[in-house]
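Right, one structure below, let's go through it.
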Amino acid sequence: MSNDRDNNADASMLRRGVLGLSAAGALGSVAGAGLGLLAPRAAMAQEATPSRLQTVLERGHLIVGTGSTNPPWHFEDETGTLVGMDIDMARLLAKGLFDDPEKVEFVLQGPDARIPSLVTEKVDIVCQFMTVTPGRAQQADFTVPYYREGVGVMMMADGDYKTFDDLKAAGSNLTLSALQNVFIEDWAHKELPEARVDQFESPDAALQALNARRVDGYFGDQSAIRWLMQQAPGRYVDSGRGWLPNSYASAVKQGDPTWLNWVNTVYREAMLGVDFDSFAASYQKWFGITLETPKVGFPSEFA
């Protein structure tokens with residue numbers, strides 16, 4: 001299970017007051033029209049600052065912050081190649097920029113480096129299973145989300161429990177394995193209040209507890225559950241219920257609407273337009289989810 005949820009209560013940044021701006025405006029009015037000429041000049045200077053879009057195009061490749069240890073989002077396959085849903089989203093951007101999905105440089109980083117790498121302009125964008133929160137939105141600009149995460153339970157296909165109703169009915173006899181986290185029992189008990197939760201130091205250890213039948217179910221992110229079921233068809237079953245939804249999106253440095261709008265255009269048209277086939281193939285590959293082809297005619301997102 002991703003520790004990304006630990007950051008859902010990000011500390012709020014100090015907000016800038018408007019007093020200084022108001023005072024400056026009043027001073028300009030008193031001083032007369034001569035000082036008023038500074039405002040358009042300042043605006044022109046701001047407009048002259050190139051967007052990250054132009055910077056990336058001139059550089060000739062995209063720089064993306066991501067990770068390498070969290071399937072199905074970003075991980076190395078058996079050949080050592082970086083793959084995953086986040087990686088596919090980054091390559092989609094490179095394709096839109098240069099008509100070449102390979103023109104992307106990946107900067108591997110931990111989750112705590114996601115926003116700092118944007119602020120310091122070490123990367124152009126972060127594609128790293130990043131949960132959208134109000135606190136983070138004060139420090140970075142989020143794109144439209146491309147996945148809605150949640151938690152759930154996976155069981156052995158030949159085990160005693162087959163559905164969520166079975167789990168609920170088990171009450172205190174139910175034992176779940178999960179990645180160690182200070183909030184993990186609260187998350188599980190939100191829907192399964194009587195379940196016992198055994199915590200493990202790694203997702204692999206939690207999964208092995210299920211395989212060895214020391215627990216009745218594996219409690220984790222639904223994307224991870226779908227990935228595991230893809231890797232071993234017929235071995236596991238999903239309980240059919242998810243909860244605690246949160247949105248995954250990419251993030252860019254604040255203050256560049258041109259760059260943000262361009263990325264959003266690529267993502268929207270991947271989900272609904274010209275690159276839908278590519279996007280749908282990624283969903284099928286990483287999550288086993290078959291997306292419905294967008295309806296032709298009136299745009300469904302405005303219906």
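When the residues Thr120, Thr175 are ordered by accessible surface, computed with a 1.4 Å probe over the protein chains alone, the sequence from largest down reads Thr120, Thr175. When peptides 71-77, 251-257, 182-188 are sorted by average Cβ neighbour count within 10 Å, with the highest value leading, the order is 71-77, 251-257, 182-188.
Which shape class, rounded, prolate or oblate, goes with segment 159-303 when its Cα gyration tensor gives a ≥ b ≥ c as root eigenvalues, a/c under 1.5 marks rounded, and past that a/b bigger than b/c marks prolate? The shape class here is prolate. Cross-link reach is defined here as a Cα-Cα straight distance under 19 Å, omitting same-chain residues fewer than 8 places apart; for Lys162 the aspartates and glutamates meeting it are Glu191, Glu194, Asp216, Asp221, Asp238.
Once you order the gyration tensor axes a ≥ b ≥ c over the Cα atoms, which shape class does segment 248-302 get: rounded for a/c under 1.5, otherwise prolate or oblate by comparing a/b with b/c? Display every interim value, and only then the final one.
On the way: a/c = 2.81, a/b = 1.45, b/c = 1.94.
It comes out oblate by the Cα gyration axes.
Classification of segment 210-296 by its C-alpha gyration tensor yields a prolate form. The axis ratio a/c (a ≥ b ≥ c) is 1.5 or more, and a/b outweighs b/c.
Ranked by the mean number of other Cβ atoms within 10 Å of their residues, highest first, the peptides 193-202, 121-130, 136-145 come out as 121-130, 136-145, 193-202.
In this calculation the C-beta distance from Phe298 to Asn261 is compared with R0 = 25 Å, giving a FRET efficiency of 0.65. The lysines within cross-link reach of Lys103, meaning a Cα-to-Cα straight distance under 29 Å and a gap of 8 or more places when in the same chain, are Lys95, Lys122, Lys253, Lys285. Using a probe of 1.4 Å, the accessible surface attributed to Val119 totals some 80 Å² when neighbouring protein chains are kept in position.
The values are calculated or read from the model by the stated rules, or taken from the named source; none is laboratory data. Owing to the predicted nature of the structure, the values given are computational and were not obtained by experimental measurement. Cβ sites come from the backbone with ideal geometry, for glycine too, and all protein chains shown count toward neighbours. Each accessible area value is taken on the protein alone, full model and side chains, heavy atoms only, with ligands, DNA and RNA left out. Shrake-Rupley method; radii C 1.70, N 1.55, O 1.52, S 1.80 Å.
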